[in-house]
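The values are calculated or read from the model by the stated rules, or taken from the named source; none is laboratory data. Computed from a prediction, not measured in an experiment: that's the story for all the values here. Here the Cβ positions follow ideal geometry from the backbone for every residue, glycine too, while neighbour counts run over all protein chains shown. Ligands, DNA and RNA are excluded from the accessible area calculation, which covers all protein heavy atoms including side chains. Shrake-Rupley method; radii C 1.70, N 1.55, O 1.52, S 1.80 Å.
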Amino acid sequence: MPWLALVEMLQREFIVSEIERLKKEKSMIVLAHYYQDKSVQDVADYIGDSLGLSIEAQRTNAKAIVFAGVHFMAETAKILNLRCKVLLPDMAAGCSLSDACPPDSFREFILMHPDHVVVSYINCSAEIKAESDIICTSANAEKVIRSIPIDEPIIFAPDKNLGNYLIQKTGRKMLLWDGACVVHEAFSIDKILVLHQQHPQAKIIAHPESEPHLLRVAHFVGSTTALINFVKKDSCNQFIVATEAGILHEMAKEVPGKLLIPAPAKEDNTCACSECGFMKLTTVEKVYNCMLNEYPEIEIEESLRVRALRPILQMVEITKN
Ligand code: 13P
Ligand code: SF4
């Protein structure tokens, strides 16, 4: 092994052992989303989708959560668990969906459509949550929409693709905010169909943030956790996976014998797959530094936190039934 690679390997091993030491000494847990780099997923105590991560954040007894994900996820953890310190290794880890919904414009939109039930996808800021009646994730969005009385009109924000998918599934009329995920909009339907011709046995599976033409050809649509469970349970041995490529790490561990093909993006990139630049800002080094320094920390003004908590608890209630 070249000496530089050896030094890097030893440094990495040292950092990983320090992370484990700090977890015990400081009573910290690392929560990671499936889109994190595999090296980050490998130091996590829990890996999950937005719903699973929120539940885990709410119920932990740890003194601090290190959130290996993006800002809205860490912010949701803080809204749900006031007692716990919530650390985000890189404060620049945002989300194009959250960015697409500025609070002032959203408030104006709601005022223009009074009497609508406001359902917001969890990929939004605390300010947007505070303006909403119910929050949903990709795992429970259909259930949330179906829980709303049929005669009540609905505003759905900020993801128009998930919104359109829910309109198809439930037949409900909804006013959609015009937001989208840059990663899921980058998939090339033409390349996916060519790939499917080359692998006719493969099933196409997609996250509901993807565009309608892709969701129409998908054999299964679901949250990241639902996609992993599908490849585990389904008898098929080949899948074209249309979501962020980080998920392949956990999927490959769960179904080592199955062929997992990342769906190609419109623009060619080095790995021929789609990666979320926000998610990939987190590194093992940043996780370590934020555990050591207990910084950067998520802070939310208390009255905002309380207003943002109400629609999240509403979601939890609906999901339980
Ligand atoms: P999941 O809740 O399905 O993991 O989705 C989160 C996300 O940001 C997808 O882009
Ligand atoms: Fe946001 Fe899309 Fe990245 Fe998920 S994959 S965090 S929706 S930009």
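Overview of values
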| quantity | calculated |
| --- | --- |
| Close pairs (6 angstrom Cβ cut-off, 6 or more residues apart or separate chains): under 16 Å from residue 177 (Cα atoms) in segment 140-165, polar (S, T, N, Q) anywhere | 145/170; 157/120 |
| Residue under evaluation residue 42, criteria (1) within 23 Å of residue 120 (Cβ to Cβ); (2) open to solvent by 10 Å² or more (accessible area, probe 1.4 Å), criterion not met | (1) |
| Hey, residue 96 within 13 Å of ligand 2 (Cβ to nearest atom), within 24 Å of residue 131 (Cα to Cα), surrounded by fewer than 23 Cβ atoms within 10 Å (Cβ to Cβ) and at pLDDT 95 or above or not | yes |
| Segment 100-113, subset open to solvent by 30 Å² or more (accessible area, probe 1.4 Å) and touching a residue at least 12 places away in the same chain (Cβ under 8 Å), residue farthest from residue 276 (Cα to Cα) | 113 |
| Restricting segment 158-184 to residues that are more than 16 Å from ligand 2 (Cβ to nearest atom) and of a type in the set (S, T, N, Q), the residue that is most open to solvent (accessible area, probe 1.4 Å) | 168 |
| Qualifying residue in segment 268-276 (condition: away from ligand 1 (no atom under 14 Å from the Cβ), buried (at least 18 other Cβ atoms within 10 Å of the Cβ), at pLDDT 95 or above and within 23 Å of residue 73 (Cβ to Cβ)) | no |
| Residue in segment 108-115 that is closer than 24 Å to residue 225 by Cβ and not in a helix (DSSP H, G or I) present | no |
| Listing of strands (runs of 3 or more DSSP E) fully contained in segment 2-68 that carry 3 or more residues being touching an Asp or Glu at 6+ places or on another chain (Cβ under 7 Å) | 28-33, 46-48 |
| Positions within segment 73-88 being under 20 Å from residue 101 (Cα atoms) and open to solvent by 10 Å² or more (accessible area, probe 1.4 Å), in sequence order | 73, 75 |
